[in-house]
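The block underneath contains the structure these notes are about, expressed in structure tokens.
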């Protein structure tokens, strides 16, 4: 009788384990097939409108993917990535911030020897243009960059620009240097004010907090501001937007697919509508 009882217990236990196993398999299969991939994209603030539009189109074609954006200055985003923030794709408004996360760059470009991106996924996605804008009515009567420089030197206007850790601010610093203007002296005299990212600079111009501002052509378009002048390559270089997949991404394949889509004709049409353009010969 004891051996019969032992067999019965063994059979029941085996059945229980088998059923539990089947349940686990079904649960895993359901998770793999039913849950959306949540793709987190860190992107320069100047891409807010275009990427939100592109996301709608992309998610229609890829119903299994949900795009989540974090828009801010490239310097802030780079610091967040460095501090461990979860991110699948990074799109910077300048090479500097991307270089600082790329282990293939030299000591000068990546002094911290940081290793956060997958180098062979890195691309030069877009080019933007640095422009001069004024509030409605142009109260400072600024005509172009040459006139802006002359009026700043004379102390008759106030310029709003991005902080030094923001790409648009770095491009502006190059423009000031091109004209031989001393940024610190002008700021101390109250002729320069600052914004933490390009959206903030744009808002200050719109609200009339300054006589003029230096932003991207795309932000001018989105804000309904008409550029007075466009900076040349000699003045500040090219505003190239690099993009890459992060090494710690849990969805590398999906991230690569999204980067590929951003280079498609459909996505480029959205970018070009607001003033972005394909990269010409920038680095």
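With the Cα gyration tensor of region 57-202 giving a ≥ b ≥ c as the square roots of its eigenvalues, does the rule (a/c under 1.5 for rounded; else a/b larger than b/c for prolate; else oblate) give rounded, prolate or oblate? Walk me through the numbers on the way to the answer.
On the way: a/c = 2.66, a/b = 1.73, b/c = 1.54.
Because a/c hits 1.5 or more and a/b exceeds b/c, region 57-202 counts as prolate.
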Under a plain spin-label model, where a point goes 7 Å from the Cα along Cα-to-Cβ, how far apart in nm are residue 70 and residue 203?
2.0 nm
In 10 Å bins starting at zero, report the fraction of Cα pairs in region 193-253 per bin as a rounded %.
18, 39, 23, 16, 4
Which one, 166, 270, 198, has the greatest fluctuation when you compute a Gaussian network model over the chain with C-alpha springs under 10 angstrom?
270
Projected onto their principal axes, the Cα atoms of region 171-210 stretch, largest extent first, over whole-Å spans of 28, 21, 15
Considering only DSSP beta bridges whose two residues both sit in the chain, what percent are antiparallel, to the nearest 5?
50 percent
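If I take every Cα pair under 8 Å that is 6 or more residues apart in the chain, average their sequence separation and divide by the length, what percent do I get for the relative contact order? Write down the numbers at each step before the final one.
Numbers: 496 pairs, mean separation 70.3, N = 283.
Relative contact order, the chain: 25 percent.
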Here are some values of Rg/Rh (Cα atoms, Kirkwood Rh): [x] 0.98; [y] 1.21; [z] 1.07. Which one was computed from this structure?
[y]
Quick check on region 130-230: what does the Kirkwood estimate of hydrodynamic radius come out to from the alpha carbon pairs, in Å?
12.9 Å
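Taking every DSSP beta bridge that has both residues in region 130-230, what percent is antiparallel when rounded to the nearest 5? Kindly include the intermediate steps, with their values, before the conclusion.
Numbers: 6 of 12 bridges.
Approximately 50 percent, going by the DSSP bridge assignments.
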Among 182, 83, 163, the residue with the largest mean-square fluctuation in a Gaussian network model of the chain built from Cα contacts under 10 Å is 83
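So if I take the alpha carbon set of region 88-154, get Rg, then get Rh from the Kirkwood formula, what is the Rg over Rh ratio?
Values: Rg = 18.8 Å, Rh = 15.3 Å.
Answer for region 88-154: 1.23.
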Computed, not fitted: 222 nm per-residue ellipticity of the chain from DSSP H runs ≥ 4 (each -39500 (n - 2.57)), nearest 500, equal to -14000 deg cm²/dmol
Using Cα pairs closer than 8 Å and at least 6 residues apart in sequence, work out the relative contact order for region 130-230, in percent.
46 percent
Just check region 237-280 against the gyration tensor rule for me: Cα atoms, a ≥ b ≥ c as the square roots of the eigenvalues, rounded for a/c under 1.5, and otherwise prolate or oblate depending on whether a/b exceeds b/c.
oblate
How much FRET efficiency would the formula 1/(1 + (r/R0)^6) give for residue 265 and residue 182, where r is the Cβ-Cβ distance and R0 is 45 Å, rounded to 0.05?
0.45
Considering the Cα trace of region 40-121, what is its radius of gyration and what is Dmax, both in angstroms?
13.7, 43
Point-to-point label distance, residue 232-residue 252, nm (Cα→Cβ direction, 7 Å offset):
4.5 nm
Highest-MSF residue in the chain out of 260, 204, 97 [GNM, Cα springs under 10 Å]:
260
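Every read-out reported here was derived from the displayed coordinates using simple, explicitly stated rules and does not represent laboratory data. As the structure is a prediction and not an experimental result, all values here were calculated from the model. When we count neighbours, we look across all protein chains shown, and the Cβ atoms used for this are built from the backbone with ideal geometry, even at glycine.
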